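The structure under discussion appears below in the form of structure tokens.
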């Protein structure tokens with residue numbers, strides 16, 4: 001299976017018993033951005049994406065885990081009125097620092 005557009009990498013997570021193929025396109029400059037901000041900030045990723053998919057993407061973006069210190073996925077979200085809501089209390093108890 002080949003996509004119609006160029007891509008940077010492919011991830012193949014197992015979701016609900018099926019192996020799915022995702023062709024991922026990185027935003028321009030994301031690698032330089034991540035390298036630069038790691039010098040001053042603790043990087044925490046909080047996504048509503050499924051852990052099975054998003055963890056593979058993060059592994060490609062930061063294979064040595066030198067930039068992203070922690071990550072939270074859909075299982076850390078709450079569903080309110082049919083929408084996924086991210087509770088920043090998972091990241092830190094002191095929300096003044098977020």
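What follows is calculated from the coordinates using simple rules that are stated; it is not laboratory data. Note that this is a predicted model, so its numbers are computed, not measured. Every residue, glycine as well, gets a Cβ built from its backbone with ideal geometry; the counts of neighbours run over all protein chains shown.
Springs between alpha-carbon pairs under 10 angstrom, Gaussian network model over the chain: which of 60, 40, 86 fluctuates most?
Highest fluctuation among the options: 40.
If you compute semi-axes √(5λ) of the Cα gyration tensor in Å for the structure shown, which of [x] 25, 21, 11; [y] 22, 13, 12; [z] 45, 13, 7 do you land on?
Comparing each candidate, only [x] matches the computed number.
With each label point set 7 Å from Cα along the Cα-Cβ vector, what nm distance links residue 26 and residue 14?
So the label points at residue 26 and residue 14 sit 2.8 nm apart.
Once you've got the GNM for the chain with C-alpha springs shorter than 10 Å, pick whichever of 38, 70, 27 has the biggest mean-square fluctuation.
The residue that fluctuates most here is 27.
Just need the relative contact order of the range 9-93 here, percent rounded to a whole number, with Cα pairs under 8 Å and 6+ apart.
Values: 93 pairs, mean separation 22.1, N = 85.
Across the range 9-93, relative contact order equals 26 percent.
Return the FRET efficiency for the residue pair residue 78, residue 5: r is the Cβ-Cβ distance, R0 is 30 Å, and the value is rounded to the nearest 0.05. Intermediate results must be reported in sequence, preceding the final value.
Working: r = 34 Å, r/R0 = 1.14.
So, using R0 = 30 Å, E works out to roughly 0.30.
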